[in-house]
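*Asks:* Here's a structure for you.
The values are calculated or read from the model by the stated rules, or taken from the named source; none is laboratory data. On a predicted model such as this, the values are computed, not experimentally measured, just so you know. As a convention, Cβ positions derive from the backbone with ideal geometry for all residues, glycine included, and neighbour counts pool all protein chains shown. Accessible surface is based on the protein model in full, side chains and every heavy atom, while ligands, DNA and RNA are left aside. Shrake-Rupley method; radii C 1.70, N 1.55, O 1.52, S 1.80 Å.
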Amino acid sequence: MSGGTTANLVRMANQIAANLAAHGADAAAAETAEHIARYWDPRMRAALREVDPAQLSAIARAAVARLDPAGAASPPSD
Amino acid sequence: MGYEPQPDFGTPAVKDAPPVTLTIDGRQVTVPEGTSVMRAAAEVGGAIPRLCATDNVAAYGSCRMCLVEIEGQRGTPASCTTPVRDGMVVQTQTPRLEKLRRGVMELYISDHPLDCLTCSANNDCELQDTAAQVGLRDVRYGYAGANHLDASLDTSNPYFDFDPAKCIVCSRCVRACEEVQGTFALTIEGRGFDAKVSAGLASDNFLGSECVSCGACVAACPTATLNEKAVKEIGKPERAVITTCAYCGVGCTFRAEMRGQQLVRMVPWKDGKANRGHSCVKGRFAWGYAHHADRITRPMIREAITDPWREVSWDEAIRFTAARLTAIKDRHGARALGGITSSRCTNEETFLVQKLVRGGFGSNNVDTCARVCHSPTGYGLAKTFGTSAGTQDFDSVEHTDVVLIIGANPTDGHPVFASRLKKRLRQGARLIVIDPRRIDMVRSPHVQADYHLPLQPGTNVAILTAMAHVIVTEGLADEAFVRERCDWDEYQDWARFVSDPRHSPEILEAVTRVPAADLRGAARLFAQGPNSAIYYGLGVTEHSQGSSTVLAIANLAMATGNIGRPGVGVNPLRGQNNVQGACDMGSFPHELAGYRHISDAGTRSLFEAEWGTPIDPEPGLRIPNMLDAAVEGTFKALYIQGEDILQSDPNTHHVAAGLAAMDCVIVHDLFLNETANYAHVFLPGSTFLEKTGTFTNAERRVQMVRRVMDPANGYEDWEVTQLLAKAMGLGWSYTHASQIMDEIARLTPSFAGISHARLEAEGGLQWPVNDAAPQGSPVMHVDGFVRGKGKFVVTEYIPTDERTGPRYPLLLTTGRILSQYNVGAQTRRTANAVWHEEDLLEIHPLDAENRGLKSGDWVRLASRAGETTLRALVTDRVAPGVVYTTFHHPDTQANVVTTENSDWATNCPEYKVTAVQVSASNGPSDWQRDYAAQARRSRRIEAAE
């Protein structure tokens, strides 16, 4: 995974987390994880799991920890 | 159908009035109160002679041709201006009336050229017909008196001529310009014998005037005074076919009027449910691209993108393509392949492309141009209301009291709807415009916005939150509606959030640059309604918080109770003719047709059973992710139908790098577009005139597209996709597009009641069309939201990462103009070029002065992503610190400058905010010259060398 693409994924994950942060830290982490599972291709999710956690915001970091390592997308919630 | 002019009832229909019964020429007729005698007569087949009356403008009563006699009433009143009365007895043909009409007709004809046999309107002229109706046999005055026969012809407009020698000064053109189009470009200059139709000032010709070439005047003209050049060149049409326009998302329906396989003219269809008989310069006139010399009609292939193209047979092209795709799939796996569906193509064609990707390629790597326009609409409205679409029909605007336009420029982007909107505003509706630019809707003839909030680009969420703050804190919310229709707990959370003093207009003024008092006034006006409607466009969606803004719009509509009835609602103005349909058809990588998530096993199993193939349960790649993966080396092949991502998508350098990294790029299009410079296969496409299928417009209306001529390439686009599918081993066997729609209906609950047969019989239908709504759904969420309770979502304003600074001190925002359409592939190949030959950079006089720039100067436009050059237009239409340009011309490539920033939820690019610097330049940049040279090299065709 090139630096450019990794940086892009990190930015996207942090952006999602920031936009959901107003819902509260726990809810935001869960919603960020669900969003990534629902909309991201498996190779993007896999690459995100590999990034240095220090690059991620606290909510994004918590969200990545919730991502199913098997790679399956969560069922839709709405 | 054969050629018959459209029925004309003389005066507009009256709606929603009690019935009145009268007798006309011994026949009883019942019509709504307020109907004219002329129209009542027409309803029972009577044809009262008339010249100044036509049914798309109000009665005028000037020609004195439609006189009638009414029992108990003195004189001979004009039937066009006389309303019916219960029990009225009317005679339309008596010796007295005959004599009067013939006398009037003599006067008209005494000052009219007698060249009927060589006139372009011969046998299609109301003056000629009326002379026949009244039995004119002689003109007692002769023809030697003072007349206008030497008046000079105005040929300045590229599409129609104005011949004042043939004008009878009936004012139909002037009234159509005012009442139908709302531009007020035409007037009657002079009085009495000197009266003449004038476009603007006496010194103006049509091209130099305010005329927007919508064609309303041409359609209204009863003579050959205003007539299409194409009719003059070709002759009178001999048949007409109703079809749907392939430009914007309004979805105007037209009569394609033909001679043989030659299109003579496109005339707006009066029964069109979206356009109600109106048109714009694109749909009406800009169809010449269909037979432009640049059109490619033979398939072409090449081993490498550095090679010249080689024309081949369809068989060889399809075999070559299938072999490449299969080899890539075998070597790199299914997820290395993908496709892009087209919002320009039909539902049926779009459905097949995503079917090929999911069922043939074996991945969910399918996306569509909605990614770069309205994907946040899909996300936001699904989240809050439960449906990824607008809530109203266009007729709804006739019931609106307060219109809020945010991030849309309807007069340029959706001109026919803009005309309907302006008509409502002239009737007294109030208007709020939220836009960084002073768009035409802010102030134009007889339209003046109550509030124009010229916000700083990128602050939509802050503006809407501040409006919500005012509405909630001043007790203007419709809590009864919210309690009944929405989740009350979520509303309370949201209300607490927006009520926070940090969201007050006074605090946020520092961010939005909108005076707090104006914002408070606008919020109060919107809440006051009683029917308030929000119309929005890409100025909402193409931001890093595009989805948040859609959520905020939905919040505002729900909080004020403006959902679920005519006159209100959330109305995304969709950009392309079938962008709604492309989304409906499962063009997004995470969902199947009908917006059902790909991870849902039940939905997948329906498609798997129908298609006989397993479907990947994982979401696929979006367009920008495909390009990233291509650069990474994990994405290798892309089938692109009817899109030009190199010109339309952001950060051109990155798009080019992604395309260049792929092993097989297939472009299926009308022209060798910019993306085709990186393609290995070119499959010629067919125009909307050459195919059968359906488009779905912005009001969810599914309408028929009818083939009026044979495809120049030999195949409709769905047939080409089927050829490719068959070559890849799929057993598709469609013989007509209707069979594809039947499959869509079987698999998509909201389309369950739609078929070509039904659309043919009933006209357009608005989805959902199913057992619950057998006649379709003009207004959605009437008795409750599709998702159950309406969902309020807290939307925190988060500034974009794209910031101005010393290097890039200005903000660039982009958009489009009336005469050109998106990347210009079609409109640049028509005479519309006369209005917009090149993209221009609008810059405020202060910013221009600081840089020593004046209008017409070449300027360098640079961002951190890239730079280009174009000419400047100094104007206070933009605010200081903001510059604006269009993206219609590949020579400019405005997207060289735009960045990879995108919406947080959908990756919709942030086209509307790019930090830039503008400086003087000597002309096109080295990059532009290199690009032009590369494009020329890439378009070499071996057979032609």
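*Asks:* Taking segment B:1-90, which chymotrypsin sites (Phe, Trp or Tyr not before Pro) meet the DSSP loop condition and have no more than 16 other C-beta atoms within 10 Å?
*Replies:* Working: sites: B:TYR3, B:PHE9, B:TYR60; in loops: B:TYR3, B:PHE9, B:TYR60.
Passing both the DSSP loop test and the Cβ count: B:TYR3.
*Asks:* Could you state the number of Å between the C-alpha centres of segment B:209-284 and segment B:572-608?
*Replies:* Their Cα centres are 33 Å away from one another.
*Asks:* Then there is this: Excluding ligands, DNA and RNA, what is the accessible area buried between chains B and A, summed over both sides, using a 1.4 Å probe, to the nearest 100 Å²?
*Replies:* Counting both chains, the buried surface is close to 2500 Å².
*Asks:* Quick one: check the C-alpha center-to-center distance for segment B:823-861 versus segment B:87-104, whole angstrom.
*Replies:* Here the answer is 58 Å between Cα centres.
*Asks:* With all pairs of different alpha carbon atoms counted, what Kirkwood hydrodynamic radius in Å does segment B:491-566 show? Mind dumping the intermediate values first?
*Replies:* Details: mean 1/r = 0.0725 Å⁻¹.
So the Kirkwood estimate lands at 13.8 Å.
*Asks:* Give me P(r) over the protein assembly as shown, computed from all C-alpha to C-alpha distances, binned every 20 Å, as integer percentages.
*Replies:* Going from the shortest bin to the longest, the percentages are 13, 43, 34, 10, 1.
*Asks:* In nm², what is the average projected area of the convex hull enclosing the Cα atoms of segment B:63-122?
*Replies:* It is 5.5 nm².
*Asks:* Per residue of A:33-43, how many C-beta atoms from partner chains lie within 10 Å of its own C-beta, taken as a mean?
*Replies:* The mean count of partner-chain Cβ atoms within 10 Å per residue comes to 6.
*Asks:* Going by Cα centres, segment B:654-715 and segment B:307-377 are how many Å apart?
*Replies:* Result: 11 Å between the Cα centres.
*Asks:* Just tell me which lysines come within less than 18 Å, Cα to Cα, of B:LYS791; anything on the same chain fewer than 8 places away is out.
*Replies:* In chain and number order, the partners are B:LYS383.
*Asks:* Taking θ as phi - 60°, what are the ³J(HN,Hα) couplings along segment B:99-105 by the Karplus curve (6.51, -1.76, 1.60), each to the nearest whole Hz, with x for Gly and Pro?
*Replies:* So the Karplus estimates, Gly and Pro as x, are 5, 4, 5, 5, x, 5, 5 Hz.
*Asks:* Shifting gears a bit: Taking just the alpha-carbon atoms of segment B:336-424, what radius of gyration and Dmax come out, in angstrom?
*Replies:* In Å, with Rg to one decimal and Dmax whole: 17.1, 52.
*Asks:* Add -39500 (n - 2.57) for each DSSP H run of 4 or more in chain B, then divide by its residues: what number comes out at 222 nm, to the nearest 500 deg cm²/dmol?
*Replies:* Details: 29 runs with 265 residues, N = 945.
Value at 222 nm, helices only: -8000 deg cm²/dmol.
*Asks:* What would the Debye formula give as log10 I(q)/I(0) at q = 0.11, 0.14, 0.18, 0.21 Å⁻¹ for the alpha-carbon point model of segment B:45-144, no solvent?
*Replies:* Normalising to I(0) and taking log10 leaves -0.37, -0.58, -0.90, -1.15.
*Asks:* Hey, what's the Kirkwood Rh for segment B:1-109 if you take every pair of different alpha carbons, in angstrom?
*Replies:* Numbers: mean 1/r = 0.0707 Å⁻¹.
About 14.1 Å, per the Kirkwood formula over Cα pairs.
*Asks:* Quick one: work out Rg over Rh on the C-alpha atoms of segment B:360-502, Rh as Kirkwood radius. Intermediate results must be reported in sequence, preceding the final value.
*Replies:* Values: Rg = 18.0 Å, Rh = 17.8 Å.
Result: Rg/Rh = 1.01.
*Asks:* Oh, and also: Accessible surface of B:ILE615 in the full protein assembly, 1.4 angstrom probe, to the nearest 10 Å²?
*Replies:* Here the residue's solvent-accessible area equals roughly 10 Å².
*Asks:* To continue, here is another question. Could you list the trypsin sites (Lys or Arg not before Pro) in segment B:139-185 that lie in coil according to DSSP, counting only those with at most 12 other Cβ atoms within 10 Å of their Cβ?
*Replies:* Hits after loop and neighbour filter: B:ARG140.
*Asks:* Looking at segment B:752-797, which residues lose a minimum of 20 Å² of accessible area between their chain alone and all protein chains in place, measuring with a 1.4 Å probe and not counting ligands or nucleic acids?
*Replies:* Residues shielded by partner chains are B:VAL794, B:GLU796.
*Asks:* So which aspartates and glutamates pass the test for B:LYS329, namely a Cα distance under 19 Å, with those fewer than 8 places away in the same chain ruled out?
*Replies:* Once the sequence-local aspartates and glutamates are set aside, what remains near B:LYS329 is A:ASP41, B:GLU303, B:ASP367, B:ASP616, B:GLU618, B:ASP628, B:GLU632, B:ASP663.
*Asks:* Turning to a different aspect of this structure: Along its three principal axes, how long is chain B when you only count alpha carbons? Whole Å, largest extent first please.
*Replies:* 88, 72, 65
*Asks:* To the nearest 10 square angstrom, how much accessible area does B:THR377 have with a 1.4 angstrom probe?
*Replies:* 0 Å²
*Asks:* Here's something else I'd like to know. Could you give me the radius of gyration and the Dmax of segment B:620-735, taking only the C-alpha atoms into account and expressing both in angstrom?
*Replies:* According to the Cα coordinates of segment B:620-735, Rg and Dmax are 15.9, 45 Å.
*Asks:* Under a no-solvent Debye model with one identical scatterer per Cα of segment B:269-308, what's log10 I(q)/I(0) at q = 0.16, 0.23, 0.27 Å⁻¹?
*Replies:* Calculated log10 I(q)/I(0) at the listed q: -0.64, -0.84, -0.93.
*Asks:* Any chance you could give the angle, 0 to 90 degrees and rounded to 10, that helix B:516-528 forms with the longest Cα principal axis of chain B?
*Replies:* 60 degrees
*Asks:* Right, here's the next one. Here are some pairs, B:LYS196/B:LYS423; B:LYS166/B:LYS232; B:LYS270/B:LYS691; B:LYS273/B:LYS691; B:LYS232/B:LYS273; which of them have Cα atoms lying more than 19 Å apart in this structure?
*Replies:* As for pairs spanning more than 19 Å Cα to Cα, those are B:LYS196/B:LYS423; B:LYS270/B:LYS691; B:LYS273/B:LYS691; B:LYS232/B:LYS273.
*Asks:* Let me ask you something else. Using the beta-carbon distance between B:THR187 and B:TRP835 and R0 = 25 Å, what value does 1/(1 + (r/R0)^6) give for FRET efficiency, to the nearest 0.05?
*Replies:* In this case the efficiency is close to 0.70.
*Asks:* Would you work out which of B:LEU853, B:VAL913, B:HIS888 lies farthest towards the positive end of the dipole of segment B:810-938, given +1 charges on the beta-carbon of Lys and Arg and -1 on that of Asp and Glu, about the Cα centre?
*Replies:* Final value for the positive-end residue is B:HIS888.
*Asks:* How far apart, in nm, are two points set 7 Å out from the Cα along the Cα-to-Cβ line at B:ARG864 and at B:ARG426?
*Replies:* 4.9 nm
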